[in-house]
Amino acid sequence: MFKIEKGAVVDSPYHPGDTLVIPATDSNGKPVVEIRKLNPNTVSRGFKAVIIPDSIKIIGERAFSVCENLTEIHIPASVESIAEGFAAYCPLTKITVDPNNKFYDSRNDCNAVVCKKTNTLIQGCCNTVIPEGVKVIGHSSFQGCGMGGSQFKSLAIPKSVTKISDSAFYDCQSLENILIPSDVREIGKLAFSDCSSLASLHLPESVEKIGTHAFESCNKLRYLRIPCKAVVEDEAFFYMFSRQIVISTCLTKAEELIQRFPDYMKDALFAIDGEDYGFLDMKGVNDRAEQEKKNEALLHELSSLMKKRKTK
């Protein structure tokens, strides 16, 4: 039996079938209004779809996370509140919302859950087409997408989006390409962390903030465009530069990165925008003392380049 406390599903039984049916009432006949958390250790990992009754009003944080065979989910009209990333680490391929739901939709058959009031994409899947009009990619909305053999190699983000929230694409290990539009202003913490197949990324000049650990362990990234005005938080590139990478940015930002992240920059090549100075080479410097000398030499070179720019 489901464990239900004060109208909320808080645990779930072993279920051997392909479809899991959430009860509409408890053992006393009182309505079940909330799904707080299904326990993937007790629910059979084989179920592929879930039926949510019309009594449900709230779907809580991580309610369906790590249900590793769940491929389909339908949100009924009764649901009024959904936590962002409620189905993280599920191999979803189909997401629908009842057209009569007043708070959420899956507009244009986008295969996602979108909050009508804020235009925030709450949950996506490997088949999501983010519709124009969405302003925010929500917290953990694609986290773990592509697991279980589902294909999630590329995604286009529409021009209406201004923010990519924390952990939005965390651990999307099959993601190779993503197009970030020119109006995005913020990349949240852990936003692309552990996207281990991501090869290149161009951040537009509109980006003003790059959160901590945003690109942690993106070990295949070979090209990264960093806007000059972006505030880069500590450890944004943690465990990222294990191999050679080309960073395209301005002189001022290159100087800042070399000063703040000397350990992460040792295998980097800097391509300086709008100048004919070529690359500033940090690769192959392993000894700490040698690295510090190289840093000092590069900063001196940057200072010289900036003086030349001012005299032009």
_What's the number of the only condition in (1) closer than 26 Å to residue 133 by Cβ; (2) surrounded by 20 or more Cβ atoms within 10 Å (Cβ to Cβ) that residue 221 fails to meet?_
(1)
_Looking for something at pLDDT 95 or above and within 22 Å of residue 32 (Cβ to Cβ) - is there at least one such residue anywhere in the stretch 133-152?_
no
_Scan of the stretch 194-217 for residues that are over 18 Å from residue 136 (Cα atoms) and surrounded by 20 or more Cβ atoms within 10 Å (Cβ to Cβ), ordered by number_ = 194, 195, 198, 201, 213, 215, 216
*Just give me the residues in the stretch 1-50 being farther than 21 Å from residue 96 by Cβ, in a strand (DSSP E or B), at pLDDT 80 or above and touching an Asp or Glu at 6+ places or on another chain (Cβ under 9 Å), in sequence order.*
8
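Looking for something β-branched (Val, Ile, Thr) and touching a residue at least 40 places away in the same chain (Cβ under 8 Å) - is there at least one such residue anywhere in the stretch 36-59?
yes
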*How many residues does the stretch 171-201 contain that are part of a loop (DSSP other than H, G, I, E, B) and closer than 14 Å to residue 146 by Cβ?*
12
*In the stretch 208-223, which residues are modelled with pLDDT under 85 and not in a loop (DSSP other than H, G, I, E, B)?*
223
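Quick check on residue 71: is it polar (S, T, N, Q) and modelled with pLDDT under 80? Walk me through it before giving the result.
Values: polar (S, T, N, Q): yes; modelled with pLDDT under 80: no.
Here the answer is no, as residue 71 does not meet what is asked.
Rundown of residues vs (1) under 28 Å from the mean Cα position of the chain (by Cα); (2) modelled with pLDDT of 60 or more; (3) of a type in the set (S, T, N, Q), yes/no style:
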position: 227; (1), (2), (3): yes, yes, no
position: 241; (1), (2), (3): yes, no, no
position: 244; (1), (2), (3): yes, yes, yes
position: 248; (1), (2), (3): yes, yes, yes
position: 251; (1), (2), (3): no, yes, no
position: 254; (1), (2), (3): yes, yes, no
position: 271; (1), (2), (3): yes, yes, no
position: 276; (1), (2), (3): no, no, no
position: 287; (1), (2), (3): no, no, no
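The values are calculated or read from the model by the stated rules, or taken from the named source; none is laboratory data. Worth saying up front: this structure is predicted, and the values here are computed from it rather than measured. Note: ideal-geometry Cβ built from the backbone for every residue, glycine included; neighbour counts use all protein chains shown.
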